[in-house]
Amino acid sequence: MIKAACKHERKTSKGRDRKGQQRWKCKDCGVSWTVRPRNPLGDMRISIADAKLALRLLVEGNSIRGTERITGLDKKTACRLLVFFGGKCRVFMDREMRGLNLTHLQFDEQHTTVYKKQARLTVDEKRERHDIGEMFIWTCIDSKTKLMPSFIIGKRSADNARRFLKDVAGRLNMPGPGQADDHNFTKGRFRPIVQISTDGFAAYPEAVDLAFGPYVRYGSIIKEYRNANMVYTPSEMVGTKRTGHRNMEGRELYTINTSHVERLNGTQRLFMKRLNRLTYAFSKKLENLEAAFAMFACYYNWCWRTRTPGNSGQKRPTAAMRIGHPLL
Ligand SMILES: [Zn+2]
């Protein structure tokens, strides 16, 4: 694209600069300028082919140093590329995930570590730092379309629960202002726009109330396990406790379900080396974790195809296609 330095129309060629880029001169005011092709990698100077390969490796669950070994890029370059591209993914997702119509959102948090384990933090670090130690990836998924509309990363706090629920509510098609006017409010006629299921984390009910008010069907499920503290052995589920919090009662309680979002946690661990437990691949900086997750989120919503239940192994369209996203 040619972008002139002035507003005039008539221009003439003024040769090329040292790098061989075309220069132009305005015929009316004499201003001259160079046409530089926009670098999609910002100020990074690696080739597009190298960048593509590195990003494909990172999005398929390779570590930063593994990417360094395969591509020959330095690990700092791979990391910079991840942060640059992840930032773009985050902006893209934030812009495109709007006006959604979803049916059943399941919320969960996945535990990980940044820089060092929580138990290794000093007293001062525990008090002052929000960006190191144990970290939680807050996600939600629509059980029907497998869309992950948003995520946040932070401590497992009531503040973050409110922040996340408000963010998700802002991405859904909420009812118009007339639905909550005085007349309707007294009659209590509210049509829930979405169902929500969460685990037993105590901050959720208040956060769901704050974000959705009466326009939601909300219940929580607490799973009880036997042998839950034996590591490497699957713990046996001995019972579930389902609680309806809003607009849910009787047999409807059996629809409360967080299994799909728990399955998503496994997919996250599969595609992000930094979530692999008991390895050295854990995140060293919160910024890197956020970039890696933003890239995963875009990949999962726009590229990844889940399979139909059963043994057919048949692939379904991507989540973005299944919600009928306008870009597709
Ligand atoms: Zn001019």
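Here N62 meets the list (1) in a strand (DSSP E or B); (2) surrounded by 15 or more Cβ atoms within 10 Å (Cβ to Cβ); (3) at pLDDT 95 or above; (4) not small (G, A, S) almost entirely, failing just condition (1). Filtering K3, K7 for residues that are within 30 Å of L81 (Cβ to Cβ), within 16 Å of the ligand (Cβ to nearest atom), at pLDDT below 90 and part of a loop (DSSP other than H, G, I, E, B) leaves a single hit, K3.
Restricting attention to region 281-309, the residues that are polar (S, T, N, Q) and assigned to a helix (DSSP H, G or I) add up to 2. T67 meets each of the listed conditions (1) without any contact (Cβ under 8 Å) to a residue 60 or more places away in the chain; (2) within 23 Å of F201 (Cα to Cα); (3) touching a Leu at 6+ places or on another chain (Cβ under 7 Å) apart from (2). Of all the residues in region 96-117, those that are β-branched (V, I, T) and in contact with a helix residue (DSSP H, G or I) (Cβ under 6 Å, 6 or more places away or on another chain) number 2. The single condition among (1) outside the structural domain of D167 (by TED's automatic domain parsing); (2) at positive phi; (3) surrounded by 13 or more Cβ atoms within 10 Å (Cβ to Cβ); (4) not polar (S, T, N, Q) that G20 does not meet is (3). Taking the criterion of being assigned to a helix (DSSP H, G or I) and either outside the structural domain of I196 (by TED's automatic domain parsing) or touching a residue at least 12 places away in the same chain (Cβ under 8 Å) (or both), the residues of region 236-258 that qualify are E252, L253, Y254, T255. Could you tell me which numbered condition T258 fails, if it satisfies all but one of (1) among the β-branched types (V, I, T); (2) out of contact with any Phe, Trp or Tyr (no Cβ under 9 Å at 6 or more places or on another chain); (3) surrounded by 18 or more Cβ atoms within 10 Å (Cβ to Cβ)? It fails just one condition, (2).
The values are calculated or read from the model by the stated rules, or taken from the named source; none is laboratory data. As the structure is a prediction and not an experimental result, all values here were calculated from the model. Please note: Cβ atoms are built from the backbone with ideal geometry, for glycine as well, and neighbour counts cover all protein chains shown.
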